[in-house]
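The values are calculated or read from the model by the stated rules, or taken from the named source; none is laboratory data. All figures in this text were calculated on a predicted structure; none of them were measured in a lab. Virtual Cβ from ideal backbone geometry, glycine too; neighbours counted across all protein chains shown.
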Amino acid sequence: MIRLSASQRSGLVGAALLAAVLVAVGVATLYFGSRYQIRLVYSAYVNLIVVLGLQVFMGNARITNLSHSAFMGIGAYAAALCVTPENIKKISLPAAPWGLADFSLDPVLSAAIAIAITAVLAFLLGLFIVRLTSIGATIVTLAVLVIVHAVFLYRTDIFKGNQAFFGIPQVFDLAWVVGIAILAVIVCRLFRESRWGIQLRASADDEVGAAAMGVEIYKLRLIAWVLGAVILAVAGICYAYFLGTISARPFYFNHVFLTLAMLILGGMRTVTGAVLGTFLISFGLEGVRYLETGPVLLGIELPEALGLSGIALGAVIVLTMAFRPTGIMGNREIETLFARKTF
Amino acid sequence: MEYVIQQTLNALSFGAEYALLALGLAIVFSIMGLVNFAHGEIIAVGGYTMVAFASLAIGNPVIVMAGAIIAAMLASLTLERVAFRPVRKADPTTGLLTAFGVSIVLQNIFLMFVSPRPIAVTSLYFLDWPIEIAGIRLASLQVFETLTTIVVIVALMLFLRRTVLGLAVRAASLDFEMVRLTGIKANRVFAMAFLISGLLAGLACIFIMARRGSVDPHLGFDPVLKAFVACVVGGFGSLPGAVLGGFLLGAVEVAMLVMLPQSLGGMTDAFVFMIVALILIWRPDGILSPAVEKGDKL
């Protein structure tokens, strides 16, 4: 019998509350949503898993990471390469080296391989990244993003570059991604409240002080980094297993900023913040995109305004940073909003 | 031998452009710890000013160039007032993210109000003609660029060492509160730093536009990404570091272009970034930055 601390118990309560919200949104979409809306909500859930993967490292170690979309891409491509049937790969990747076009695996095994590859890569890179401090670490993650993208574009014989890598069987539907997102929420929340998570957060507040108390900062950062990468790989797999086609473009700067804005708006220090920010921006942007097309509102024909969604996204980042640098949630998790103030 | 000289000169002119941009980033960072990613959009403001002059049928190159520089300086000042003042005291990460946000907003404003497509600007083509000295072929633009960077470095050095405001700017990067105690207005120091940064962006804009001949909303993003890297490698916040980092990056880039086989052409950026990452792993705070103490200062 594992004995949980008070913060871990309240963490489980918080995770359960968030899970209830995720289930409610998912069920409502399944019953009332059109095909297009289901697709939209699916991609919101995939982005939620990305933001959670980002939160594990960025929220606890408080080092800005810009390479998350690259890890998502690695997971997506690795799973896609394994799971796509041979006959399709023979057509789409005729020049694939190392016999990559000569086999195909079942989805579960493919996902496991993709996660393992991403984790190993993240571990090797993490050995260097965790030793750097704020801006230096951010630059190295930026370098990782650029390098991974360049490899995707350059090895067209494996990744097809900016062209679509097609023929991935559709394995997941909305119910699956809701389940996986809930799992990710629980993992992130338990990590945050675990001994490791608390020590890591302490080291972010005061690096020298935490080290003096015996916190092994590099080791903890590495654990959070690899755990984050695994969650990102899962997000990539969910993306590939639903859409059926992937290309290099969605795993670059635009996606990096989109997901970063989600985490910042909600508040990177908490899991609740990650969920809130993702939902606000996913559904908010859809509203702005509607305005972009120049709709007729209240009898007034609005002009077409390409770029409005970009302006909104940038403005969200700037305003959050100016008025609430810790995001909407700050240091509060969902259950503290309901709890009576007894402490 | 000629080939080596040729490539060295190429590296020098590449490096000059990066150094010019990196100085613009470093002078702001040294004072307020802000990584100004919106620097690239200030370059784009200069570019769109040239478009505006062209549509008004003003072709006089002096007016066009001066206009672009002044527009860039004004844009830089405006950003300081509107966007960066609220995050003045925040940590570098907050500033970095704010600057990213500003950069996205500006790019999309260009996209929405001007055009998502590149617009041709031909008024500066006259700056670029081929020269040949002793068998070495160069573009006049490369010479102008290297000379301008040298002049800028000397002028900046004189300003920072010989004038009161320059001294205040240098002192502010060490201890801002002390500068304020001596009676110098904080806002003036910040405005000065952003004005210089805008001036450097305007100069860089002229060279970039003379080479590319067109402006689009994403004009400044790639050059500033490289300049940012140059700054970090040289030692963030250190002005000599920015210059060193700029020239080093130019050298690495030309070396990669020369040494990598043709088949790896698409991988130049990947290799450049890899070398940069390795430098940072070797010296996490950059080459020319002093060691930082992490504990509380009394």
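Restricting attention to region A:152-180, the residues that are buried (at least 17 other Cβ atoms within 10 Å of the Cβ), over 18 Å from the mean Cα position of the chain (by Cα) and not in a loop (DSSP other than H, G, I, E, B) add up to 6. Look at region B:118-144: where a residue is among the aromatic types (Phe, Trp, Tyr) and a partner is at pLDDT 75 or above, sitting 6+ places away or on another chain with Cβ atoms under 8 Å, you get B:Tyr125/B:Ala210; B:Tyr125/B:Gly213; B:Phe126/B:Pro61; B:Trp129/B:Ala139; B:Trp129/B:Ser140; B:Phe144/B:Phe207. When B:Ala16 is tested against (1) at pLDDT 85 or above; (2) closer than 27 Å to A:Val256 by Cβ; (3) of a type outside the set (Lys, Arg), only condition (2) is not met.
On the given criteria, is B:Gln142 at the interface with chain A (Cβ under 9 Å from one of its Cβ atoms) and either modelled with pLDDT under 85 or not in a strand (DSSP E or B) (or both)?
Numbers: at the interface with chain A (Cβ under 9 Å from one of its Cβ atoms): no; either modelled with pLDDT under 85 or not in a strand (DSSP E or B) (or both): yes.
The answer is no for B:Gln142.
Only one of the numbered conditions (1) within 17 Å of the chain's Cα centre (by Cα); (2) part of a helix (DSSP H, G or I); (3) not small (Gly, Ala, Ser) is not met by B:Met50, and that is (1). For A:Asn254, the criteria (1) of a type outside the set (A, V, I, L, M); (2) more than 14 Å from every other protein chain (Cβ to nearest Cβ); (3) without any contact (Cβ under 8 Å) to a residue 12 or more places away in the chain hold in every case but one, which is (2).
Per-residue answers, yes or no, for (1) out of contact with any His (no Cβ under 6 Å at 6 or more places or on another chain); (2) within 11 Å of another protein chain (Cβ to nearest Cβ); (3) not aromatic (Phe, Trp, Tyr):
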{"position": "B:Met73", "(1), (2), (3)": "yes, no, yes"}
{"position": "B:Leu96", "(1), (2), (3)": "yes, yes, yes"}
{"position": "B:Ala99", "(1), (2), (3)": "yes, yes, yes"}
{"position": "B:Asn108", "(1), (2), (3)": "yes, yes, yes"}
{"position": "B:Phe113", "(1), (2), (3)": "yes, yes, no"}
{"position": "B:Pro116", "(1), (2), (3)": "yes, yes, yes"}
{"position": "B:Ile119", "(1), (2), (3)": "yes, no, yes"}
{"position": "B:Thr122", "(1), (2), (3)": "yes, no, yes"}
{"position": "B:Leu127", "(1), (2), (3)": "yes, no, yes"}
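Of the residues making up region B:104-140, those that are surrounded by fewer than 13 Cβ atoms within 10 Å (Cβ to Cβ) and of a type in the set (Asp, Glu) number 1.
Of these, A:Phe257, A:Phe338, which one is modelled with pLDDT under 80 and among the aromatic types (Phe, Trp, Tyr)?
Working: A:Phe257 fails: modelled with pLDDT under 80.
Criteria check complete, one pass: A:Phe338.
Conditions tested, residue by residue: (1) at pLDDT 80 or above; (2) more than 10 Å from every other protein chain (Cβ to nearest Cβ); (3) in contact with a strand residue (DSSP E or B) (Cβ under 6 Å, 6 or more places away or on another chain).
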| site | (1), (2), (3) |
| --- | --- |
| A:Tyr241 | yes, yes, no |
| A:Leu280 | yes, yes, no |
| A:Phe283 | yes, yes, no |
| A:Val296 | no, yes, no |
| A:Val316 | yes, no, no |
| A:Leu319 | yes, no, no |
| A:Thr326 | yes, no, no |
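Of the residues A:Val144, A:Val185, which is within 14 Å of another protein chain (Cβ to nearest Cβ), out of contact with any Phe, Trp or Tyr (no Cβ under 6 Å at 6 or more places or on another chain) and β-branched (Val, Ile, Thr)?
A:Val144
Close Cβ contacts (under 7 Å, 6 or more residues apart or on different chains) running from residues in region A:274-294 that are farther than 11 Å from A:Ile328 by Cβ to residues that are assigned to a helix (DSSP H, G or I) and hydroxyl-bearing (Ser, Thr, Tyr) comprise A:Leu285/A:Ser309; A:Val288/A:Ser309; A:Arg289/A:Ser309; A:Glu292/A:Ser309.
Listed here are the residues, each with its yes/no results for (1) at pLDDT below 85; (2) charged (D, E, K, R); (3) in a loop (DSSP other than H, G, I, E, B).
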| residue | (1), (2), (3) |
| --- | --- |
| B:Asn10 | yes, no, no |
| B:Leu25 | no, no, no |
| B:Ala54 | yes, no, no |
| B:Ile70 | no, no, no |
| B:Ala90 | yes, no, yes |
| B:Leu106 | no, no, no |
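Among the residues of region B:75-82, is any within 13 Å of chain A (Cβ to nearest Cβ), among the hydrophobic types (A, V, I, L, M, F, W, C) and surrounded by fewer than 22 Cβ atoms within 10 Å (Cβ to Cβ)? Outline the logic, then answer.
Looking only at region B:75-82, we keep the residues that are within 13 Å of chain A (Cβ to nearest Cβ), and these are B:79, B:81-82.
Now drop any that are not among the hydrophobic types (A, V, I, L, M, F, W, C), which leaves B:79, B:82.
Imposing the further condition that a residue be surrounded by fewer than 22 Cβ atoms within 10 Å (Cβ to Cβ) reduces the set to B:82.
Looking for residues that are within 13 Å of chain A (Cβ to nearest Cβ), among the hydrophobic types (A, V, I, L, M, F, W, C) and surrounded by fewer than 22 Cβ atoms within 10 Å (Cβ to Cβ), one finds at least one in region B:75-82, hence yes.
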